[in-house]
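Only one structure is covered here, and it is reproduced in the block below.
The values are calculated or read from the model by the stated rules, or taken from the named source; none is laboratory data. Note that this is a predicted model, so its numbers are computed, not measured. Positions of Cβ are generated from backbone atoms using ideal geometry, with glycine treated the same way; all protein chains shown enter the neighbour counts. In case anyone asks, the SASA skips ligands and DNA or RNA and just uses the protein heavy atoms, side chains included. Shrake-Rupley method; radii C 1.70, N 1.55, O 1.52, S 1.80 Å.
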Amino acid sequence: MEATGTDEVEKIKSKFMSAWHNMKYSWVLKTKTYFSRNSPVFLLGKCYHFKTEGESRALHSFLSRNEISGNVEEFRKDFISRIWLTYREEFPQIQGSALTTDCGWGCTLRTGQMLLAQGLMLHFLGRAWVWPEALAMDGCDSESWPSSTVRKLTASLEASLTADREPRLLARPPARRDCDGTERRNELYHRKIISWFGDSPLAAFGLHQLIEYGKKSGKMAGDWYGPAVVAFVFALRKAVEEARDPELQGVTVYVAQDCTVYSSDVIDRQCSWLGSGRAAPKAVIVLVPVRLGGERTNTDYLEFVKGILSLEYCVGIIGGRPKQSYYFAGFQDDSLIYMDPHYCQSFVDVSIKDFPLESFHCPSPKKMSFKKMDPSCTIGFYCRTVQDFEKASEEITKMLKSSSKEKYPLFTFVKGHSRDYDFASSPLHEENDLFSEDEKKRLKRFSTEEFVLL
């Protein structure tokens, strides 16, 4: 009887917190992001210019090696096509807790998911792909947002405090267009990638799965990934390694060790299945945790960050402000362009056929001055082949040398294996648990920081 009473208290508490988080995180006021027509805009390696007429002047140092990809509409279509993962509510209860929402604590998990999603989009769809229905998202960015949000919040608050809520139905997607075989294939992969990040226990990279890996490093459901966020980077890698979908067997993740990328370790990961009859190596998503200064971000690193985001194989940067995680995908002048996970949306069942896609695409970008960025972040880039990785390492090394005013660059590429430099473990011979002893030492050291990485 006592246990039953405790369960009822937990349910009421969960309902109240869900209603409160709806009020806190779903209230999105109409705020416009302003872009200059006199400066190029970069988005994950693509360069756009908003000038209405005439040839674009070389206003930026990167223009010499980047072609203009389009105008305002092309930029909007490209940005909206990126996968946006935000706070959700009313999803299946997380095992070992009464939580059915990640509002208030899941932003790090969401930004990590966005970076991985971009890597998978490059792998399956390519950088040139854009969502055909992207510009139909106009309606989401209208003046009706505040009033519709008020109605939603009022109904949500009343329902939360009185009875269990009925699942809310999102708007149906636009009518399907006639499309050829390539478009149908791309649409299938588009939906499949999103489904891997669904908020259900079976989703390969869903919140439930990532939380299970987080438990192995002492993080529980509802814990905010702050000081020990390096643990999440390795958990993300583990999720990719243990994914069962055959489509994911051709992708691996490498996490840099102590700001060092060991080239032979990366190539070993890429070639790990060649002996099993596979004809080609795996593609790799390389994650590099770095720190752009001490207590504050050092503006000397601005040009390097711009350089990284101007590469087409870049999958973004995970960082943010202190205690808030953002997914950085581009820049204009000295401002970073990002997607914000701090917006609470309803659970979408991605297991049903033709589930609505709109809530997984951000209707408008946000900008933030580079100076306001927290110094801790994680850089990600994707390489389809070993040759691509070797080319990327050469290009980024040159960028690191040219941008570094200090004696040591942000991170380095080193030939050989980590074990050749007296590291205790090799990426291909790790322990059965989530972290090797070497990784546990690094996690312990990072845990003393106030805000680290994702």
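Computed from backbone phi, the HN-Hα couplings of the stretch 198-208 come to x, 8, 9, x, 8, 5, 4, 10, x, 4, 4 Hz, rounded to whole numbers (Karplus: 6.51 cos²θ - 1.76 cosθ + 1.60, θ = phi - 60°; Gly and Pro given as x). Residues whose amide H lies under 5 Å from that of Val253, counting only those 5 or more places away or on a different chain, are Ile285; hydrogens are built 1.01 Å from N in the peptide plane.
For the cross-link pairs Lys215/Lys398; Lys219/Lys391; Lys215/Lys282; Lys367/Lys398; Lys282/Lys353, the ones whose C-alpha atoms lie over 32 Å apart are Lys215/Lys398; Lys219/Lys391. For the peptides 97-105, 282-290, 126-134, the ranking by packing is 282-290, 97-105, 126-134, with the highest mean count of neighbouring Cβ atoms within 10 Å listed first. Per-atom-type breakdown for the stretch 280-399 gives carbon and sulfur 47% of the accessible area (1.4 Å probe, protein chains only). A cut-off of 5 Å between modelled amide H atoms, ignoring neighbours fewer than 5 places along the same chain, links Gly293 with Asn298. In sequence order, the stretch 378-389 has phi-based couplings of 10, 9, x, 9, 10, 10, 6, 10, 4, 5, 4, 5 Hz under the Karplus curve 6.51 cos²θ - 1.76 cosθ + 1.60, θ = phi - 60°, and Gly or Pro positions carry x. With N counted as the residues of the stretch 255-323, its alpha-carbon radius of gyration over 2.2 N^0.38 Å works out to 1.45. Distant-in-sequence amide contacts of Leu99, defined by a placed amide H-H separation under 5 Å and a gap of 5 or more residues or a different chain, comprise Ile94. Taking a ≥ b ≥ c as the square roots of the eigenvalues of the alpha carbon gyration tensor, the stretch 350-392 is oblate, as a/c is not under 1.5 and a/b does not beat b/c.
The translational diffusion coefficient of the stretch 330-374, from Stokes-Einstein at 10 °C and 1.306 mPa s with a Kirkwood hydrodynamic radius over alpha carbon pairs, comes to 123 µm²/s. Note on the stretch 266-378: the alpha carbon radius of gyration divided by the globular reference 2.2 N^0.38 Å gives 1.36.
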